[in-house]
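The values are calculated or read from the model by the stated rules, or taken from the named source; none is laboratory data. Since the model is a prediction, treat every value here as computed from it, not as a measurement. All Cβ positions, even for glycine, are placed from backbone atoms using ideal geometry, and neighbour counts span all protein chains on display.
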Ligand SMILES: Cc1cc2nc3c(=O)[nH]c(=O)nc-3n(C[C@H](O)[C@H](O)[C@H](O)COP(=O)(O)OP(=O)(O)OC[C@H]3O[C@@H](n4cnc5c(N)ncnc54)[C@H](O)[C@@H]3O)c2cc1C
């Protein structure tokens, strides 16, 4: 039995570990677009605390993969899945076969269409390399303009403020994503952000981002009212968009993410999905929905792996998704927790 | 500011026709131009045509090193099916660079990215596409890959551009132009990549700036040694891996008024060489094992007639045609003992490229001084490997080392083979008044006239043997040398020829692990410096003799001379001895001592 997992995040990596425990002799291959072994992305804000060697972020040492007979194919982007032949095509034109497939490709930063053309001028933070590049672009005490302000961004913003940088948050309807914040409670949360020493700009739309040459901050954010804001670094934090391009011709049901039942099985018997990439049927909500956060994603990896090896367990969320206001007036998100 | 000690080995692997050796060549020349020390060695198939595997390895350092490294830091694949077996050579946190956009679909398991160890870092590069964009053709994908490596590690761009220009100087200007474009495109890609590997290249060390050092192969160093020694004639017949000695001499000797002749075979070559030596010319030939076998009869004549001549023998895998493009050290026996009769001769085996130059130059002096053929024993690894070498400013070789006869009484018969205290007779060459004599393969008396009386044969045989002992004290050459710990050691390495570099590296690694250890190189294999070897062995609790032959030809030579058994470490893989294997042998010999000690 060849279990192939696409994605080297917590969902895919944990699934591989559980698969190995439950099927000591099966062949397990993880395919990853990235160059590194599985590392903890939740810790990436630590690059601002001087933790700048990727090796320090590894969850498992290199020997783990050999010991557990887990084959990790890095720098291998899956471009197509042929579910009839049970094959995958990789960007370097190698065709691989699978018996069972787990899609755990996570998501990429979502950027609203009107800002897509400015992506080259914005920094991301979703992998070690770009985190380091962002860090290198930000001078001591420099200004980060955060667009959107989702929960992942707020997590980073806390560290930036702690490490004496200036954070300006351009708030909008994606602020606090994936938490749902209703108009009545929103002002309290916005106040909490200021309590956390973020400068908040609310009610303005970004019109464009510009490159500035010469001395001073390298970027300028221009708003639709003509006002502007200098910035060393501009970052989009509008939530995630599932990475599913390569599945478009696979013949399985997809909405925004890969649709799966509570057992995390897709519309095909031999394909499962886990993590940020999947929308799980929730009888409670009577809809397919995403579940985020380390604990949920890890749990999904486990559930998928168990079901791929003959179990029949259903995913239930491990998190209370409510955004908390602490007694000191700051907020904490359950999505910030990980082990 | 602390500067990084650079020690990086880059391997490039492809198929014949991929331009693997060509880019390896540019890499090493560029790095030497930039002032680094370089050792490089290429592996290529025996067949001139076809699609065999080529591997070009280059070790780039700021400090003096002695061999290729046991593991590679960066591997570039120009052909995955050839490069896949070499992935295991790459160390943890080293880099593997490969083509991310092959022409056609690849079957599962045939892309190199699937063969990396978890500790290695992959870098993919659309070599073909970048070459097409930069030059309009995909031919320069090898140069693109080279540019990528250079950009990735921020190697000095201009040194590469100069090396490319030098490489293609005989071709049309567009060829250089298009390769520079391909290189620059690769460089720009490499410079943009975020590096995860732990491979660091610092600036070159000051003292190795290019004006002080030259990069060359062992064979090129032999040629320089010949020229510096004032070679006058050379006769040879081509054979891998010695051919390039003749090729280079053919270009250089006429510039110095010297003569080279390609003969019809090796027998003719050695015959002409001995003949030229008889006339007083500084003369040499170069061959490999099979050719030397053909020369053995004339070697006997050279010994018997006491004619100075130099024979360069570059060993390859044997016997017979064997493995012409693979290295081996299995011609020690034939070099030292080969032939008929009691035909002792001088045999020198340099251990590095600088040694090739020195041994070549001194071989002419010794041939003259001791009136004998001198064999300089190289091997493919040494002949073909590149090293940066620093030569002394002044030519150290003596122009005439002959014991010239003082011919005061032209009418008296000349005692060409006079029995003297040091065994070396005064020598005259044809044309010198009063120096007329017979040189013959027959046993002879002091005048050179045939004479087979028992006493005469005994005296003459003794003379021909004993005169060579003076070579053990020949000035200006190190015929043995000890390295590492002084005094008593747990493990000693006794090595010769090209394997000594690996032995020395292994010894240094073992010392770093806390093992008391020393290594001795032996450059003169005949006559053998028995006493220093004996002293060294007395200091060593265990002795390892690493060499590239099956039974241990040097181990036999040494054991026979000193009457002590040694640990034989023999490999006949066609490849240089791996440093790690020697290190393992040292560890296990050192461990054995410990076990014995604790048992006692
Ligand atoms: C800096 C940072 C901080 C975060 N903090 C939080 C947080 O505080 N709370 C929270 O809820 N979430 C946070 N997240 C989101 C978090 O990453 C996810 O919830 C969780 O890690 C998702 O795990 P996953 O395994 O589903 O996918 P991911 O971790 O996104 O892994 C996806 C993997 O798939 C691979 N991949 C994608 N496409 C392909 C393809 N076509 N072919 C091959 N491989 C592919 C990628 O290379 C990657 O290895 C954070 C993310 C980042 C970047």
Inset, instruction - May I ask you to list pairs of residues, at least six apart or on different chains, whose Cβ atoms are under 6 Å apart, with the first in region A:117-130 being within 14 Å of chain B (Cβ to nearest Cβ) and the second being more than 9 Å from the ligand (Cβ to nearest atom) and assigned to a loop (DSSP other than H, G, I, E, B)? - result: A:129/B:194
Inset, instruction - Could you identify the single residue in B:35, B:24, B:50 that is at pLDDT 95 or above and not assigned by TED's automatic domain parsing to the domain that holds residue B:508? - result: B:24
Inset, instruction - Answer with yes or no whether residue A:133 is modelled with pLDDT of 95 or more, under 22 Å from the mean Cα position of the chain (by Cα) and within 14 Å of the ligand (Cβ to nearest atom). - result: yes
Legend entry - Number of positions in region A:296-339 that are at pLDDT 90 or above and in a helix (DSSP H, G or I): 13
Inset, instruction - Test each condition in (1) within 14 Å of chain A (Cβ to nearest Cβ); (2) surrounded by 21 or more Cβ atoms within 10 Å (Cβ to Cβ); (3) over 12 Å from residue B:9 (Cα atoms) for residue B:66 and report the one that comes out false. - result: (1)
Inset, instruction - Return yes or no: is residue B:205 more than 24 Å from the chain's Cα centre (by Cα), surrounded by 16 or more Cβ atoms within 10 Å (Cβ to Cβ) and modelled with pLDDT under 95? - result: yes
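Within 14 Å of another protein chain (Cβ to nearest Cβ) and in a strand (DSSP E or B): which single residue out of A:75, A:66, A:71, A:85 fits that description? If you could, list the steps in order and put the result at the bottom.
On the way: A:75 fails: in a strand (DSSP E or B); A:66 fails: in a strand (DSSP E or B); A:85 fails: in a strand (DSSP E or B).
Answer to the check: A:71.
Sort through B:125, B:121, B:146, B:105 and tell me the only one that's crowded, with 20+ Cβ neighbours inside 10 Å and either free of Cβ contacts under 8 Å to residues at least 12 places away in the same chain or out of contact with any strand residue (DSSP E or B) (no Cβ under 7 Å at 6 or more places or on another chain) (or both).
B:146
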Legend entry - Restricting region A:34-76 to residues that are surrounded by fewer than 19 Cβ atoms within 10 Å (Cβ to Cβ) and either within 11 Å of the ligand (Cβ to nearest atom) or in the same structural domain as residue A:163 (by TED's automatic domain parsing) (or both), the residue that is farthest from residue B:101 (Cα to Cα): A:46
Inset, instruction - Residues being within 16 Å of the chain's Cα centre (by Cα) and part of a helix (DSSP H, G or I): count how many of those fall in region A:9-56. - result: 10
Inset, instruction - Mind listing whichever residues of region A:267-295 are at pLDDT 95 or above and either assigned to a helix (DSSP H, G or I) or outside the structural domain of residue A:18 (by TED's automatic domain parsing) (or both)? - result: A:275, A:276, A:277
Inset, instruction - Taking the options B:158, B:133, name whichever one is more than 8 Å from every other protein chain (Cβ to nearest Cβ) and over 31 Å from the mean Cα position of the chain (by Cα). - result: B:133
Inset, instruction - Tell me, yes or no, whether region A:91-104 has at least one residue that is within 14 Å of chain B (Cβ to nearest Cβ), modelled with pLDDT of 95 or more and touching a helix residue (DSSP H, G or I) at 6+ places or on another chain (Cβ under 6 Å). - result: no
Legend entry - Among (1) out of contact with any strand residue (DSSP E or B) (no Cβ under 9 Å at 6 or more places or on another chain); (2) facing another protein chain (nearest Cβ under 9 Å) - the single one residue A:48 does not satisfy: (2)
